[in-house]
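Working notes for the structure below.
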Amino acid sequence: MVSFKKISFLLISGCMVFTNTVFAQFTGGAHLGLNASNLRGSSVENNSMLLGYNIGGYANLSTEEMFKGEFGEIFSLQVELNVETKGATMDYPSIESAIDTLVPNVSSSKINLTYVTVPIMAKFTFGDKKGLMYFAEGGFYGAGLFGVVVDGEKKYDHDFNSLTDKRNYRDDFDGYDYGVIFGGGASMPFGGRKSPWRAFGELRYSIGFSSIGEYRENTPESFEPYVKDINVSAISLVFGVSYTF
């Protein structure tokens, strides 16, 4: 018969192993930086890059306990939650009234899109764990669009009718985007070689696969070519700190 003391010992030992496996391999961090983004696609003309920001945090889980050997030492999984702005300066239509009809008036406009982005990436880390380390990472992201500003405005008069509310520019864009993201960088410990804190810098590139343009309701068909095919891409410079638990 198994004694109570033996069961207690086994439970405590199991909890200690579980704790070491789950928490000792966990790294959390926060970062901020700049986005140099652009829009592309058949609806995009005369475009140029737009500078924006990115800010967020991440959780990284080592696979050292899952995969023995060198692969487990360098491979980890990372999930992030970021807020960032993307967009471009490009030809974009506003609306003008021509007698009894509405026509597009195309002019150079600054389009600023605010996203909440969730990247899920595989990360490979090399170097001295107590000194300089290098890493490369890549994966997929999904993003939700939370705001659109065109030339500093969130709304526009879409029908020249003073009795109706202005239309949100946000309504001219799809609410979701998804794509791939990859990059690489380096990190250094601070607070001593045994410190759990590290500072890092990274250069990333992301490219969206989903067209974010949406055909405007109750507007002329002539608007469709300007919004039907718009994709997002960005080069990001990221700086941050991490803590290994």
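The values are calculated or read from the model by the stated rules, or taken from the named source; none is laboratory data. Remember, predicted model here, so these are calculated numbers, not experimental data. Cβ atoms come from the backbone with ideal geometry, glycine included; neighbour counts cover every protein chain shown. The protein model used for the area step is the full one, side chains on, heavy atoms only, and it has no ligands, DNA or RNA in it. Shrake-Rupley method; radii C 1.70, N 1.55, O 1.52, S 1.80 Å.
Using just the helices of the chain, give the 222 nm mean residue ellipticity in deg cm²/dmol: DSSP H runs with n ≥ 4 each add -39,500 (n - 2.57), and the total is spread over all residues, rounded to 500. Spell out each step's value before the answer.
On the way: 3 runs with 29 residues, N = 245.
Dividing the helical sum by the residues of the chain leaves -3500 deg cm²/dmol.
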(i) 1.01; (ii) 0.93; (iii) 1.17, with the label sought being that of the calculated Rg/Rh (Cα atoms, Kirkwood Rh): (iii)
field: Nonlocal Lys pairs with alpha-carbon distance under 26 Å, the chain (8 or more apart, or different chains)
entry: 22
- prompt: Just how far, in whole angstrom, is segment 72-98 from segment 33-54 if you go by their alpha carbon centroids?
  reply: 8
- line: Longest principal axis of the chain (C-alpha) makes with the long axis of helix 4-23 (C-alpha) an angle, in degrees to the nearest 10, of 40
message: I want the local charge near Ser210. Using Cβ-Cβ distances under 9 Å, sum +1 for each Lys or Arg and -1 for each Asp or Glu among the other residues.
response: -2
- request: On the protein heavy atoms, probe 1.4 angstrom, tell me the percent of accessible surface of segment 162-245 carried by carbon and sulfur.
  value: 58
